[in-house]
DNA sequence: CGTTCAACCTGGGCGC
DNA sequence: TGCGCCCAGGTTGAAC
């Protein structure tokens, strides 16, 4: 679920952690299988309790909680990947059984004690405690490309210009551009008027410009809307409010419904084992000929 | 290089 | 009610 806008909303929702001391940390054992934690939960607890949080950052779809150096320990990072159903809660989490991490903050100045939970229904999320070197390995430029909020056409051309892949599949490649997922790939391509099946190498300069511009625009607008909440409980802000960008979805999840631009029925196809939604009228392949008007041969071409 | 498939998980929805 | 099947915001690795 969480793509860049949702993760950025999470980051803002737990930004108040900055400057506060971790009084306690727990990895509760629920009724479901535990998620991936590295190193072992007991080790993470031992290393972070008593230390101060430097700040909360985002890299692509990951949350970074900086743990300040101290007591003979180097600076470290709690890297949390929400994957499909992970999220934070500063109020009551949706279920007690899927709480994966609890951070309890010490009383600080006039700030009261507070609690932040990481909750994950399906449990595909991950929690890692790494040092600067580990962070580089996990979230460095080899793994994550330029951020989607600021990506340029030149970035996209550099990363994908020669790719033979379909552009929708390529946009999900976090090494090319970080933060786009299945929902926003569909919405970006619709707004850019590009067929998701187009191979990257067929796109021209103006198509890459539109793609970069719509990527920035759609993601920024979705951040302002605090992300997309679809159906169930899985994504909400840290203080339990649903996002609002789902109301502005033009194609995602709208198969069979009329395209808001032209009224044509939105189509669902499968690419790389994932659903792709698009409007076959508004999103045409570059180089594909517009619908034939007439079957008559063109004048002047043939003798 | 690119695609396809399976895996990792839980739970909701649908047809029978 | 229950069972079987398909679906879901992500990522990774193996096989072809």
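FYI, it's all coordinate maths here, none of it is from the lab. Remember, it's a predicted structure, so these values are computed and weren't measured experimentally. Here the Cβ positions follow ideal geometry from the backbone for every residue, glycine too, while neighbour counts run over all protein chains shown.
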### Query
Between rounded, prolate and oblate, where does the range A:4-139 land on the alpha carbon gyration tensor, with a ≥ b ≥ c its root eigenvalues, rounded for a/c under 1.5, else prolate if a/b exceeds b/c?
rounded
### Task
Working from Cα positions, state the angle (0 to 90°, nearest 10) between the long axis of helix A:4-13 and the longest principal axis of chain A.
30 degrees
### Query
Which semi-axes, in whole Å and largest first, does the equivalent ellipsoid of the range A:150-262 have when worked out from the alpha carbon gyration tensor as the square roots of 5 times its eigenvalues?
25, 16, 12
### Task
Would you please classify the overall shape of the range A:158-214 from the alpha carbon gyration tensor, given that a ≥ b ≥ c denote the square roots of the eigenvalues, rounded means a/c under 1.5, and beyond that prolate means a/b larger than b/c while oblate covers the rest?
rounded
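Counting only Cα atoms, I'd like the Rg/Rh figure for chain A, Kirkwood definition for Rh.
We get a ratio of 1.07 for chain A.
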### Query
Using every alpha carbon pair in the range A:76-159, what percent of pairs falls into each 5 Å bin from 0 up to the bin containing the largest distance?
3, 12, 16, 15, 16, 16, 12, 6, 3, 1, 0
#### Entry: Max mean-square fluctuation residue, GNM over chain A, Cα-Cα springs under 10 Å, options A:22, A:269, A:183
A:269
### Query
Most mobile of A:101, A:160, A:138 per a Gaussian network model of chain A (Cα springs, under 10 Å)?
A:138
### Query
Stretch residue A:131-residue A:12 to full length: gain in nm at 0.36 nm per residue minus the Cα-Cα span?
40.6 nm
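Which FRET efficiency value, to the nearest 0.05, do you get for residue A:260 and residue A:109 by plugging their Cβ-Cβ distance into 1/(1 + (r/R0)^6) with R0 = 45 Å?
0.35
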### Task
Compare A:13, A:181, A:140 in a GNM of chain A, Cα atoms joined below 10 Å, and give the one with the largest fluctuation.
A:140
